[in-house]
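**Student:** One structure, as structure tokens, below. Some questions next.
Bear in mind that the values in this text are calculations on the coordinates, not laboratory data. Please read these numbers as outputs of a predicted model, since none were measured by experiment. Ideal geometry is used to build each Cβ from the backbone, glycine not excepted, and the neighbour counts take in all protein chains shown.
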Amino acid sequence: MLGVGDVSGFHHISVMANEVIEALEPWNGGVFVDGTLGGAGHSRLLLQAAAERGVKIKLIGFDRDPEALAAAAARLEEFGDQVELVQSNYRHLADVLEARQWPPVNGVLVDAGVSSHQLDTPERGFSFQNDGPLDMRMGPDAQTVAELIDRTDIKGLATILGRYGEVRGAGRMARRIKEARQAGQLETTAQLAALCGPRRHKERIHPATQVFQGLRIAANDELGGLEELVGDLGRVLAPGGRAAFISFHSLEDRIVKQGLRALVNPCTCPPGLPICACGKAPEIKTLGKMIRPSQAEVDANPRSRSAKLRVAERL
Ligand SMILES: C[S@@+](CC[C@H](N)C(=O)[O-])C[C@H]1O[C@@H](n2cnc3c(N)ncnc32)[C@H](O)[C@@H]1O
């Protein structure tokens, strides 16, 4: 189901756009990596914000999704050779830079999770509100949810649903999913949604939301990629370069927060040692506190409501 279809209608509203531009200061020039290009909303704004001050930056855009890259290529056409697009998982950013002999960069942006285009395209299988295949791959490097279910036993599925989806009764749900799949009764997103049952009176969110989220995060190994990139910031950023991370749920934000903390204070000496003996020096500093979208933004774009932005600078 993953392919470059009609991308002219690719839609996605960029979250915390002003805050990201202010954090990355593209007008200072240099090379910027958008690790999650999507519809190129943030990338365009970075290029424009620099251009408005007469500065030409280079933008390297990563996405796992060929549909996103095709849409972004069309939207960034006017910037010509200022833009370089890479179909890859951003977890490989440090290796890609080294393999291509590109020096460390001045800015990195990660706007984690799925795009509205992915969510709203039924054939991609991300949404429980539309029928589609059990896919949910962000890109061809991921496994489909059908493959994930087939390869994972009930215990493993229960862990995925509990940890990544915070599904209550994860064990029961995992068994139901596995048994339906083995009986040939679980091929589509509508069938998966039906297994999750209806939304009950007092439930804030539909139970399928959490089941779909858990399976999506696992099938795409979303958290593993984020952890790797945060850990690689010392290799990726030039001195003074900045990284901005927008996360959409507490698991992502925790990985960013803890990963940055480990780079801010990498010393592994036992507490109480008068001087550091391990020799591990801080690689970055965090800039300001975590930022949330304004109420005006949440009103205009409800999908921004859970966003959190963290910014760090290479020392
Ligand atoms: C929230 S959207 C980005 C929207 C974009 N910032 C904009 O303003 O249009 C996330 C995009 O990142 C991609 N993506 C998510 N995780 C990725 C990863 N680990 N590596 C590369 N691309 C990823 C998804 O395929 C999706 O297109």
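**Student:** What lysines does LYS56 reach when the alpha-carbon gap must be under 30 Å and sequence neighbours fewer than 8 apart in one chain are set aside?
**Tutor:** LYS285, LYS289, LYS308
**Student:** Relative contact order of region 143-219, please, whole-number percent, based on alpha carbon pairs below 8 angstrom and at least 6 residues apart.
**Tutor:** 39
**Student:** Nearest 5 percent is fine: what portion of the DSSP beta bridges confined to the chain is antiparallel?
**Tutor:** 40
**Student:** Assigning unit charges at the beta carbon (Lys, Arg +1; Asp, Glu -1) and nothing else, what dipole magnitude in debye, to the nearest 20, does the chain show about its Cα centre?
**Tutor:** 1400
**Student:** Identify the residues of region 181-221 with backbone N under 17 Å of a label point that sits 7 angstrom from the Cα of VAL298 along the Cα-to-Cβ direction, or state none.
**Tutor:** Under cut-off, by backbone N: 204-205.
**Student:** Calculate the all-directions average of the projected area of the chain's alpha-carbon convex hull, and give it in nm².
**Tutor:** If you wrap the Cα atoms of the chain in a convex hull and average its projections, you get 18.8 nm².
**Student:** From the residues GLY184, HIS117, ALA170, which one has its Cα farthest along the dipole of the chain in the positive direction, the dipole being from +1 and -1 charges on Cβ of Lys/Arg and Asp/Glu about the Cα centre?
**Tutor:** Value computed over the given set: ALA170.
**Student:** Apply 1/(1 + (r/R0)^6) to the Cβ-Cβ distance of ALA194 and GLU166, taking R0 = 22 Å, and write down the FRET efficiency to the nearest 0.05.
**Tutor:** 0.60
**Student:** Gap in Å between the Cα centre of region 269-315 and the Cα centre of region 193-268?
**Tutor:** When both Cα centres are located, 14 Å separates them.
**Student:** How big is the dipole moment of region 205-315 about its Cα centre under a simple scheme where the beta carbon of each Lys and Arg is +1, that of each Asp and Glu is -1, and everything else is neutral? Debye, nearest 20, please.
**Tutor:** 320
**Student:** Calculate, in nm to one decimal, what ASP150 and TRP102 gain on full extension: separation in residues at 0.36 nm each, minus their alpha carbon distance.
**Tutor:** 13.3 nm
**Student:** Want the number for ASP141 to VAL264: 0.36 nm per residue separation, take away the alpha-carbon distance, what's left?
**Tutor:** 41.1 nm
**Student:** Another question, then. Setting aside same-chain residues fewer than 8 positions from LYS178, which aspartates and glutamates have a Cα under 12 Å from its Cα?
**Tutor:** Hits, sequence-local ones excluded: GLU147, ASP150, ASP153, GLU187.
**Student:** Using a Gaussian network for the chain with springs between C-alpha atoms less than 10 Å apart, which of these wobbles most: GLY288, GLY107, GLY125?
**Tutor:** Looking only at GLY288, GLY107, GLY125, the largest GNM fluctuation is found for GLY288.
**Student:** If Lys and Arg each add +1 and Asp and Glu each add -1, what is the summed charge of the other residues whose beta carbon sits under 11 Å from the beta carbon of GLN118?
**Tutor:** -2
**Student:** Which of the peptides 256-268, 240-252, 136-148, 179-191 is most tightly packed, and how do the rest follow, going by the mean number of other Cβ atoms within 10 Å of each residue?
**Tutor:** Top to bottom by mean Cβ count within 10 Å: 240-252, 136-148, 256-268, 179-191.
**Student:** Please tell me the relative contact order of the chain in percent, rounded to the nearest whole number, where contacts are Cα pairs under 8 Å and at least six residues apart.
**Tutor:** 17
**Student:** Could you check which residue among ARG172, ARG204, ARG91 shows the biggest mean-square fluctuation in a GNM of the chain with a 10 Å Cα cutoff?
**Tutor:** ARG204
**Student:** So what's the back-of-envelope 222 nm ellipticity for the chain, counting only DSSP H runs of four-plus at -39500 (n - 2.57) apiece and dividing by all residues, rounded to 500?
**Tutor:** It lands at -11500 deg cm²/dmol.
**Student:** What number comes out for the charge environment of GLY132, summing +1 per Lys or Arg and -1 per Asp or Glu over other residues with Cβ under 9 Å away?
**Tutor:** Every neighbour counted, the sum reads -2.
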